[in-house]
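Enquirer: Below is one structure. I have some questions about it.
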Amino acid sequence: MKRVETKKISVGGVDIGGDSPISVQSMTFSKTRDVEDTVSQINRLHFAGADIVRVAVPDIEDAEAIPEIRKQTSLPIIADIHFNYKLALMVAPFVDGIRINPGNIGSKDRVKEVVKACKERNLPIRIGVNGGSLEKEFEMRYGATSQGMVASADYNIKFLEDLDFTDIKVSMKASDVERTVEAYRKLRPMNNYPFHLGVTEAGTLFHATVKSAIGIGSLLLDGIGDTIRVSITGELEEEIRVGRAILKDSGREKNGVNIISCPTCGRLEADLVKAVEEIEKVTKDIKKPLNLSVMGCVVNAIGEAKHSDVAIAYGKEKGLIMVKGEVVASLPEDKLVDKFLEEVKKFKIN
Ligand code: SF4
């Protein structure tokens with residue numbers, strides 16, 4: 001489905017919304033006041049392919065560390081701030097965006113000050129609604145429902161619009177997929193601000209991948225979403241790897257390798273699992289869009305090979321290598337993976 005057209009904003013030079021690519025974000029889990037640890041985590045995320053990083057700023061010591069973190073990193077930084085508007089004022093000169101909910105900052109005058117600081121520096125504000133911490137009035141009225149999340153987001157958007165501030169993006173994350181998807185679908189027709197998608201507190205790698213693939217993937221297929229974060233209890237790099245894979249498999253990102261491999265069955269006469277694992281490992285950092293297929297026998301291999309740049313069709317103790325559907329080699333099993341990777345390299349992959 002065509003992507004919903006949204007207002008374009010910029011976070012430290014990374015465009016979000018409009019026709020810009022869908023960006024992948026993550027968040028450090030270090031104490032932000034620990035400059036060395038935070039810089040190391042930001043650089044790890046940068047290296048893994050993150051477009052933007054968010055850091056928590058819960059206290060003055062954390063805010064005081066931001067200028068030094070800024071000096072030592074180049075990934076756009078969003079400061080995540082709750083309740084204390086003064087922290088936003090402290091970090092505004094050193095970051096590329098602020099995440100606050102105007103509703104929990106207190107008086108309008110305080111929000112005005114934050115808006116003024118953001119306007120002066122062209123910093124966008126992310127309104128980040130979380131299904132587990134709705135403002136009291138919305139929780140009492142709607143319970144912790146998608147309707148409550150939408151009401152909260154809409155209230156916070158209007159709060160900023162009343163202050164003539166529209167450099168906004170919005171997230172509405174819940175810890176279950178259904179509520180998350182419902183909230184985004186309900187809010188989408190109500191404004192044209194870019195949406196940051198994610199299922200929050202999604203668990204360890206396996207569960208987070210499944211929940212995020214369903215939640216973020218459903219919305220992307222609806223044409224909704226301008227930036228995403230996969231929330232994983234685990235390694236930082238996994239969030240980026242899974243996020244990129246969701247974008248690729250939902251057709252929103254063209255770059256990178258798409259591996260097609262058969263599930264294997266009783267016809268298989270080779271160690272296909274080992275071959276796919278090796279091919280996946282060697283090709284995981286390729287940016288060029290490539291379809292690679294690894295099939296256990298000729299039953300479906302020829303059909304898949306027609307749509308693949310490089311393909312293997314295993315047989316009994318030997319197999320075929322095909323490039324763009326044409327057979328280029330027939331080799332013993334132990335020579336196939338090397339030849340396959342040799343053909344992949346010919347596609348000028350980097
Ligand atoms: S490609 Fe062949 S080996 Fe693989 S699942 Fe299909 S029939 Fe079985």
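Enquirer: Can you name every residue in region 297-350 that is under 33 Å from the mean Cα position of the chain (by Cα), without any contact (Cβ under 8 Å) to a residue 40 or more places away in the chain and surrounded by 16 or more Cβ atoms within 10 Å (Cβ to Cβ)?
Expert: Scanning region 297-350 gives ALA301, ALA305, ASP309, VAL310, ALA311, ILE312, VAL323, GLU343.
Enquirer: Filter region 246-265 down to residues that are in a helix (DSSP H, G or I) and over 25 Å from TYR314 (Cβ atoms) and give me whichever is farthest from the ligand (Cβ to nearest atom). Steps first, answer last, please.
Expert: Step one: list which residues in region 246-265 are in a helix (DSSP H, G or I), which gives 246-249.
Subset that is over 25 Å from TYR314 (Cβ atoms): 246-248.
On the way: ILE246: 25, LEU247: 28, LYS248: 23 Å.
Looking at residues that are in a helix (DSSP H, G or I) and over 25 Å from TYR314 (Cβ atoms), I get LEU247.
Enquirer: Would you confirm, using the coordinates I've provided, whether ASP59 is at pLDDT 95 or above, surrounded by fewer than 19 Cβ atoms within 10 Å (Cβ to Cβ) and over 26 Å from the mean Cα position of the chain (by Cα)? Lay out the reasoning, then the answer.
Expert: On the way: at pLDDT 95 or above: yes; surrounded by fewer than 19 Cβ atoms within 10 Å (Cβ to Cβ): yes; over 26 Å from the mean Cα position of the chain (by Cα): yes.
Yes; evaluated as a whole, the condition is true for this residue.
Enquirer: Given the conditions (1) surrounded by fewer than 23 Cβ atoms within 10 Å (Cβ to Cβ); (2) modelled with pLDDT under 90; (3) not small (Gly, Ala, Ser), and given that LYS173 satisfies all but one, which numbered condition is not satisfied?
Expert: LYS173 satisfies every listed condition except (1).
Enquirer: Go through region 64-94 and count every residue that is closer than 24 Å to ASP109 by Cα and either part of a helix (DSSP H, G or I) or more than 26 Å from the chain's Cα centre (by Cα) (or both). Please lay out each step first, then the result.
Expert: Pass one, region 64-94, residues closer than 24 Å to ASP109 by Cα: 64, 78-94.
Applying the additional criterion that residues be either part of a helix (DSSP H, G or I) or more than 26 Å from the chain's Cα centre (by Cα) (or both) yields 64, 83-94.
Adding up the residues that qualify gives 13.
Enquirer: Is it the case that some residue within region 157-174 is outside any strand (DSSP E or B), touching a residue at least 24 places away in the same chain (Cβ under 8 Å) and touching an Asp or Glu at 6+ places or on another chain (Cβ under 8 Å)?
Expert: Scanning region 157-174 turns up no residue that is outside any strand (DSSP E or B), touching a residue at least 24 places away in the same chain (Cβ under 8 Å) and touching an Asp or Glu at 6+ places or on another chain (Cβ under 8 Å).
Enquirer: Inspect region 19-33 for any residue being modelled with pLDDT of 95 or more, part of a helix (DSSP H, G or I) and either among the small types (Gly, Ala, Ser) or over 25 Å from LEU219 (Cβ atoms) (or both) and give the result as yes or no.
Expert: No, region 19-33 has no match at all.
Enquirer: Moving on to the next point. Specify the residue that is modelled with the highest pLDDT; the eligible residues are those in region 251-274 that are surrounded by fewer than 16 Cβ atoms within 10 Å (Cβ to Cβ) and among the acidic types (Asp, Glu).
Expert: ASP271
Enquirer: Here's a follow-up. With the checklist (1) in contact with a Phe, Trp or Tyr (Cβ under 7 Å, 6 or more places away or on another chain); (2) more than 30 Å from ARG244 (Cβ to Cβ) in hand, flag the one item GLY296 doesn't pass.
Expert: Every condition holds for GLY296 apart from (2).
The values are calculated or read from the model by the stated rules, or taken from the named source; none is laboratory data. Quick caveat: nothing in here was measured; it's all calculated off a predicted structure. Every residue, glycine as well, gets a Cβ built from its backbone with ideal geometry; the counts of neighbours run over all protein chains shown.
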